[in-house]
Amino acid sequence: MYGVGIITPKEDAAAAALGHSGIALAPSEWVNVSNPAGIANLDSLSFYFNFQFRGFYAREKSGYETASIYSANIDGITMGFRGRKWLAMAFGYAPYSTVGYRMSEKKTIIGTDSQYRNEHSGSGGLSQAFINAAFTLFNHWTIGGNFAVLWGNIEHLEKACFSESIGGEDIYNKRNYALNNIFWEVGTQFDFNIGENNFRFGAVYSPKIWLHTSYDQTIYNSITELESDDSTPDRFYIPRTYGAGFAYQRKKLLGTVEYKVSEWGDIENNKFKEKVSFRDTYTVSGGLQYSPGKPTDPFYKRMRYRVGGFYGRDYIDLEPVNLMQSGFSLGLTVPLGRSHNAITISYEHQQRGISTNGMIKETFNNFKVALNIKETWFMRSKFD
């Protein structure tokens, strides 16, 4: 309901299964877009394609009241390849944020004992189309950049249901925002080996940007339009974000941990004159991956298994209540026959908010399914 909605991480299902910790990963099996430098290890003879689907089932509770919600949608499309020994590239589409809510409240008509129901609903969100480039400066140091276009619509609808109580006309107040601008992010990774142990460090940074916004408000009833407004609204902003991660790999075992901050506290929330302010967020996350098989083993021995967890603070400030979110994740990658193609599945159990003090506690069950295709495209035949 506030800001640009719930922020959706741009990541592959494999990183989601590791507790959303992908800043220090540089896999050769799939395209890691959690860090612009994370595509540096793509195979020079292959073209990568990823199609990802996301669904969730959630349970909401406030006091003794409960409700269930569910949704599903495309979570991203990504393609990547290595153009040169020192250059890898990726491009694609992913959601940036989502808005979706519906709730009601009882209000009293001033000067009377009559009450009416006031219904609030919202929909929309932001999407992004992006291109990544990663440059290997030395054997163990990579820098990367991400350039994206953000766009989308957010609609808020308020309905005063007078027909249910006093027999009048229902009044609607619809506000629609169209948002767009360019967005960029930079990242780096550095790794080194000590014997059979590989250590990799990663970092990302993106600046605070404002979004070009057009605004349309209409107040109407079931008969006629009462009022309209298309004035220039206050700006929406995307906060400054930065994070760092560390990954350790030895033979079949991979572990990763990261810390990420978004400076929402610098952004004023004055869109709808709400009595809610923003605050900086932080997230601590990590995960483990186990790969038991060798490339020559049957597919069931080449499966990869993942587990992860995270804990962080939401950007809505409702002092003295701290809105936190936490969860754990599980996942696996299933190879498709003898090819390099695979299906990656992740499951996440997440909790947000609390059910006391008139607040809402949400329990999410999130699922992601990704089809990872890795095909040989750039090999030349040689004849003697």
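The values are calculated or read from the model by the stated rules, or taken from the named source; none is laboratory data. If you're wondering where the values come from, they're calculated on a predicted model, not measured in any experiment. Cβ: placed from backbone, ideal geometry, glycine included. Neighbour counts: every protein chain shown. The protein model used for the area step is the full one, side chains on, heavy atoms only, and it has no ligands, DNA or RNA in it. Shrake-Rupley method; radii C 1.70, N 1.55, O 1.52, S 1.80 Å.
A few remarks follow.
- Fully extended contour minus Cα-Cα distance, from residue 157 to residue 228, at 0.36 nm per residue: 24.2 nm
- Note on the chain: with a GNM built from Cα contacts shorter than 10 Å, the maximum mean-square fluctuation among 295, 36, 95 falls on 295.
- For the chain, built as a Gaussian network whose Cα springs stay under 10 Å, the top-fluctuating residue of 230, 317, 43: 230
- Placing a label point 7 Å from the Cα of residue 194 along the Cα-to-Cβ direction, the residues of region 240-267 with a backbone N closer than 16 Å are 246-251, 255.
- The label-point distance for residue 266 and residue 47, in a model that sets each label 7 Å from Cα toward Cβ, rounds to 4.0 nm.
- Subtracting the Cα-Cα distance of residue 112 and residue 339 from 0.36 nm times their residue separation leaves 74.4 nm of extension gain.
- Dipole-positive endmost among 25, 298, 122 within the chain (Cβ charges, Cα centre): 298
- Relative to the Cα centre, the charge distribution of the chain, modelled as +1 at Lys and Arg Cβ and -1 at Asp and Glu Cβ, gives a dipole magnitude of about 1980 debye.
- Heavy-atom accessible surface of region 116-237: percent carbon and sulfur, 1.4 Å: 54
- 3J(HN,Hα) couplings calculated from phi for region 363-368 with the Karplus curve 6.51 cos²θ - 1.76 cosθ + 1.60 (θ = phi - 60°) are, in sequence order, 10, 9, 10, 9, 10, 10 Hz; Gly and Pro show x.
- Positive dipole terminus of region 205-254, leading residue within 213, 237, 254 (C-beta point charges): 254
- Percentage of interatomic Cα-Cα distances in region 205-321 larger than 21 Å: 63
- Divided by 2.2 N^0.38 Å, where N counts the residues, the Cα radius of gyration of region 150-208 comes to 2.50.
- One quarter of the convex hull surface built on the alpha carbon atoms of region 54-183 amounts to 12.8 nm², the projected area averaged over directions.
- Within the chain, longest stretch free of exposed trypsin sites (Lys or Arg not before Pro) [DSSP loop, at most 10 other beta carbons within 10 Å]: 86-250
- Take every pair of alpha-carbon atoms less than 8 Å apart whose residues are at least six positions apart; their mean separation over the length of the chain yields a relative contact order of 18 percent.
- Given charges at Cβ of Lys, Arg, Asp, Glu: the chain dipole, positive-most of 83, 310, 172: 83
- The chain, accessible area per residue, ligands and nucleic acids excluded (1.4 Å, Å²): 52
- Residue 305 paired with residue 66, simple spin-label distance in nm, labels 7 Å along Cα-to-beta-carbon: 3.2
- Note on region 1-119: semi-axes of the ellipsoid equivalent to its C-alpha gyration tensor, largest first and rounded to whole Å, are 45, 14, 11.
- Three principal axis lengths of the chain [C-alpha, angstrom, descending]: 92, 42, 37
- Pairs with C-alpha atoms separated by more than 32 Å, drawn from the list 159/208; 252/361; 10/294; 106/208, are 159/208; 252/361; 106/208.
- About the centre of its Cα atoms, region 150-301 shows a dipole size close to 1260 debye [charges on the beta carbon of Lys, Arg (+1) and Asp, Glu (-1) only; nearest 20 debye].
- Rounded to the nearest 20 debye, dipole of region 1-156 from Cβ charges on Lys, Arg, Asp, Glu: 180
- GNM flexibility winner over the chain from 111, 92, 145 (Cα, springs under 10 Å): 111
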